[in-house]
Every structure is written in structure tokens, then in C-alpha cells.
Amino acid sequence: MMTAASDSLAQPVDLREPSGWRRSKNQIMTVLMWLAFVIVLIPLGFVLVTLIAKGAGAISWQFLTNSTIPPNVMPLGNGGMGAAVVGTLEITGFAALLAIPLGVLGAVYLNEYGGNGILARLISFMSSVMTGVPSIVMGLFIYLIWVLHFGYSGMAGSFALACLMLPIVIRSSYEMLRLVPDSLRQGSYALGASKARVTVTVVLPTALSGIVSGALLAVARAAGETAPLLFTILTVEQTNPNLFSGPDTALPLQIFSNAQSAYVGANARAWGAALTLVAITFILMIVARIITSLFTRNSR
Amino acid sequence: VSAPTKADPASPAGSANALNRRRPLGDRGFAILALASGLLVLVILVLITVTTVQQSTTWFSDAGFSGIFRVAFDGNTAFGAMGVLYGTVISSVIGIIIGVPVSIGIALLLTQVVPLRWSRPFVYVIDLLAVVPSVVWGLWGIIVLVPWLQKIYLDIASGLKGIPVLDTLFGGANVGGASFFTAGLILAIMITPIITSLSREVIATVPAIDKEGAYALGATRWEMIRGAVWPHSQGGVVGAILVGFGRAMGETIAVALVIGDSVEVTPHLFYTGHSIAAIIALQFGEATGGEFRSALIGLGLFLFVLTILVNLVARYFVERSARRARGA
């Protein structure tokens, strides 16, 4: 032992930069990490450029507002996607109206009421598991439980989207509520407020911007979903002004059916509808980001 | 409010009683509302199971054990689950093999290489990938990517002719643009954001003192990642990969557009195939017959159970590593 220790002491300690292979390996790995990022940029850039190149030509005021969706064989310039734009806004809007309040209340239960109890932990765990349930399964579910009994409607589509959004809203709101400092709650209790009052007037407003931005991201994701709408709203060629009864239509469904078509006009309409849809989701995401960045600046 | 006379303002107990009497309606109502919203998650999951089981019994009883465990699914007499299950698993595995190294590379880049205050724009770019809808990836896939890949696949297939394993995987006579591999590529792009963001969260919890310790011992950045970051975040990253795998299996529309719409079990990755989610999306509308419809709902049940299981395991890994990080 002694000799080994003195032997290693006898060797001068190398304090220089890591040499040779170790340094090269580090550099190679750093380059690979950057490469991973560049690899992701390629399809993203490719899809966005194609989308704008092929979609911008299709978009016009008529395309966005004319409510008659023409058959596949018609060339571009006939009719428009107005019915689908209205459908997407209505269906997604109603889904948000259902899922956001319920999701926020669910998160309130998890963080304010459930504590560390077994039920709260189960709900918390299952809500994160539920974010992984495929959207097509939600569509089937609403078909079985609603459409079979009450028929196709925009509202059925909203139910399916709301089922998808609910766990996302719960998770993101829950994360935000957890950030609210306990001293705020204790201060309000000390003033004699009841739990509901503390939650509604102190806790929720404090976490509001985070909750709103999380909810907007969930809405953005839901707006682009096709699978849950396939068997819940069916599809029509005219604007359906009644969200609550009769088949409806939406942008993702129109993209899906036009993408499968061999006609040039249909493909052009698919690109135009895709650009419109991506614009809607991006706007929602950007608004969410602006709210988040305002929030982080305030909290600093 | 009704009994202020009884309350003795001097006695704390008395005033507390008055408060308690006043509390129930609004306060308890709100608590019940919150609890009901939380329970809704469990209710929906149970109802999904109940309704799909109910509606798929026709398939289970008509097709029987052997009918379910066969490959063919023609919507007429054959309603086997194995062919589409194969397509789901193979395309998802391809997606994972391509997507995971990229995702982990980006997660490490954003947490260990790029300074924290510059990382936000990078995160936005990755999030853009997640916001592009599935159907738009599918549209781009079928109109732009498939014809382009077709040429590349044909070149690869002719180049690999005669080489034992590679010829089986990437060769063959029926190589086409729409295939298992194309679906896998699209899935890789689509699951990268979720794997990246979950891995990033896990990696961010590695204690600074571990990393500084590694540097103090003279480690390079890569050696620090291997020695301090990786052992700490291994479990969570495995969880993130599994979440991505679950997403890939459930992905519907993009896969439906690029996988080729034919039920096959073949080792040739450049051949057309099908997946559970895609076959439901494409054929449910035409499925008017009892057993056909019931079989598609049964496949939906399969998919539901499969993704729930994968996500249960995944979340277990993620939460365990999060708990460990909090404990450390």
C-alpha cells in the first residue's frame, strides 16, 4: 500500500488540458449534439417552406370565406373552405369551453384539496397516463357513447377534443398551481377567507398566466387533430351553423380527404387548408408564448 | 348569518363555530366541483374500457381465438389483429430508433452545451414541431416525401441486392415510397419534441454539485455527461422514450397517409403495411357489417390497452426519477 501510494505521488500530476483522444471525443460529441438539432431543422424547414410555397397560392378571401366546399375533381378557384374554417373554430372553441374549466378545477382538486391522499395521487398519475391515449381511441369512444345515441354533430367532435385536452390542461395547470407560494394561501387564511375564496381570489389569479398559456397550447394541439373528428362530426360540404346537431366539417378533415385524392385541385385545396390550419395553431402558440414570457418577467 | 346572536365575539370558539356554520354551502360546493372534475379523468378511462369491450364482443365471439390471432384483415371474412399490430410495432420501433438519438442529443445540447438564457429560442423551434398537426405531416409525407423517398429506396434496394440481412430488410421486389419505413420516419419527427422535452426536464434535475465534481476531477464535458448526468437521469430518459413509443403507436392520420394501406407481415421495411390506428381511421366509415365494425372497435381496445400499459410503465419511470431528484 505504502509503495503504491508513494509511486503515484512520485508521478507528476498532469494539470494540462485533456489531451489527444479525450479532447477529440468531447469535440466529436459536441458536434453530434449540434447535428441532432440540425437534423430536426431539416424536416421542419422543409415542411414549412412547402406549406407556404404550395399553400399561399391557394389562399384568397374567397378560399377562406366561401362556404361551399367543391368536389375533388374541381380545379382551384371554385368554392372555398369557409365551412371548414367555421367548423374548426366552433368545434375547437366549444371543446376549450368544456375542457379548460374542468381541467383547471381538476388541477385545483389535485393541488388544493387532494393533498397527498391516495385518490389525488391516483388521479394525478392517471391524468398523465391519459395524455398518452391515442386520439383515434377518443374518437371511437365518443362515437360509441354519444353519436350512436344522438347522431353526428359538431358538439360530438367537441366532446372528443375535450377528452384529449382535459388531461393536458390538468397537468399544465397543476404544475402552475404548485408554483404558487404557500405564504399567499396562509396570508389569506389569516384574514379569515374560506378555502374556496382563497383558491378563487388568490391562488388562481396568481397562477393565471401560466394556466392560460398551458390551456392555449392544449387548444392549439386539439385544433389540429383529425382522428377524433372522423367518426364524430362526419363531413359536409356546406357550413353547418348549428354546432349541436347535424354533421359538420373541419379543416383537418378536409386536408385528410383532399390529401388522399389524385386531383390537382384537391391537392391545392389541401395545401391551402393546411396553411390556414397551421396559421391558426401557430397564432395560438405564439399568444401562449407571449403570455408565458410576460409571466416569467413579472415573477422575476 | 342566521345566528349571530349566539356567537360570542369574545370567545374564539364561538366565532369559529359561526364560521363553520357559514362555510358549508359555497366552500363545500366548490370542493365537490373540484373533486368531480378530478374524478372525470378516471370516469372517462373506465367508460372507454366499458364501451369498447361491450361493442367488440361480437368480434371476440365470432372470430374466436384463432380468428383474432391471424394476420389477414380484409373487412370481409378475415379480421385478424396480428398484421396491423405488426405494422404498429414495426413503424413505432423505426420511429424510436431514429428519433431517440436525435432527441437525447438535443436534450443534452440544450441543458449542457447552450447557456440557459440562450436555450429558449431553441426550445421554441422544437415546440414548433409539436404544433404542426399530424394531418399536415401526413399531407407533406404523401405528396412530397413519398415520391422522393421512392427513388432513394429503389437505389438502396438495388445497391443492397444479394447482401444477406440487408437485402431482406431494405430490398425486395415491391419496394415503394409508402411503407413501414416512411411511416417510421414521420413518426420519428413527430415524437422528437415530446422525448426531448421530457428528457430535458429529467436532465435539468441533475444536481450542479455532481457536475462540478466531475469537472473538478478533470473530466471533459462529454465525460461529465457520461459520469454525472447519465447515471442520474437514465431512468427518466427511459420513461421519456416509452412515452414517445406510446405516442408513436397511437399516431393515426400521418401514418394512415404514408404507410400504404395493405395488411402485411413482412421483414421488408420498404414494403407497404398498415397499423391499428390507421386501419380504424381508414375503414371505420365503410364498416357497416356487424363483425367488421366490432373488429375495428376491438382493435381500438387493443390499442388503448397497449398505450395505457406503455404509459403506465413510462410514467412510473419518470415519476420515480423525479422523486429521486427531489430526495437528492
### Query
Is the shape of the stretch B:34-162 best called rounded, prolate or oblate, per the rule: a/c under 1.5 gives rounded, else a/b larger than b/c gives prolate, else oblate, with a ≥ b ≥ c the square roots of the Cα gyration tensor eigenvalues?
oblate
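Starting from 0.36 nm per residue, how many nanometres of slack lie between residue A:245 and residue A:190 once their C-alpha separation is accounted for?
Values: separation 55, 0.36 × 55 = 19.80 nm, distance 5.05 nm.
That pair, residue A:245 and residue A:190, stretches by 14.8 nm at full extension.
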### Query
So, in Å, what gap is there between the alpha-carbon centers of the stretch A:196-235 and the stretch A:139-167?
17 Å
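May I ask you to derive the FRET efficiency for residue A:182 and residue B:323 from their Cβ-Cβ distance with R0 = 30 Å, giving the value to the nearest 0.05?
Numbers: r = 20 Å, r/R0 = 0.68.
Result of the calculation: an efficiency of 0.90.
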### Message
For the full complex of protein chains and a 1.4 angstrom probe, list B:268, B:274 by accessible area with the highest value first.
### Response
B:268, B:274
### Query
Short version: ³J(HN,Hα) in whole Hz for each residue of the stretch B:50-58, in order, from phi by Karplus 6.51 cos²θ - 1.76 cosθ + 1.60 (θ = phi - 60°), x for Gly and Pro, what are they?
4, 5, 6, 4, 3, 7, 9, 4, 4
### Task
Evaluate the relative contact order of chain A (contact order divided by residue number), counting alpha-carbon pairs under 8 angstrom at least 6 apart; express in whole percent.
25 percent
### Query
Just by accessible area at a 1.4 angstrom probe, what is the order of B:84, B:46 from largest to smallest?
B:46, B:84
### Task
Name the residues whose placed amide hydrogens come within less than 5 Å of the amide hydrogen of residue B:73, ignoring near sequence neighbours (fewer than 5 apart) on the same chain.
B:80
## Note on the structure
Mean accessible area per residue over the protein assembly as shown (1.4 angstrom probe, all protein chains present, square angstrom) is 45 Å²
### Query
Which stretch or stretches of the stretch B:28-62 have amide N atoms under 17 Å from the point lying 7 Å from residue B:77's Cα along the Cα→Cβ direction?
B:62
### Task
When a/c is below 1.5 the answer is rounded, else prolate if a/b is larger than b/c, else oblate, so apply that to chain A with a ≥ b ≥ c taken from the square roots of the Cα gyration tensor eigenvalues.
oblate
### Query
Given labels modelled 7 Å from the Cα in the Cβ direction, how far is it in nm from residue B:226 to residue B:125?
2.8 nm
### Query
Given the protein chains as shown and a 1.4 Å probe, how many square angstrom of residue B:222 are accessible, to the nearest 10?
40 Å²
#### Entry: Summed buried accessible surface, chains A and B, 1.4 Å probe, nearest 100 Å²
7400 Å²
### Query
Label points 7 Å out from Cα along the Cβ direction at residue B:66 and residue B:167: separation in nm?
3.6 nm
## Note on the structure
Rounded to the nearest 10 Å², the accessible area of residue B:127 using a 1.4 Å probe with every protein chain kept is 40 Å²
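In whole percent, how big is the carbon plus sulfur part of the accessible area of chain B, probe 1.4 Å, protein atoms only? Walk me through the numbers before you get to the answer.
On the way: 9320 of 14360 Å².
Exposed carbon and sulfur together represent 65 percent of the surface.
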### Message
Once R0 is set to 41 Å, what does the formula 1/(1 + (r/R0)^6) return for the Cβ-Cβ distance between residue A:32 and residue A:121, expressed as a FRET efficiency to the nearest 0.05?
### Response
0.55
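The values are calculated or read from the model by the stated rules, or taken from the named source; none is laboratory data. Note that the coordinates shown come from a computational prediction; the quantities given were computed from them, not determined experimentally. Glycine also receives a Cβ, built like all others from the backbone with ideal geometry; neighbour counts cover every protein chain displayed. In case anyone asks, the SASA skips ligands and DNA or RNA and just uses the protein heavy atoms, side chains included. Shrake-Rupley method; radii C 1.70, N 1.55, O 1.52, S 1.80 Å.
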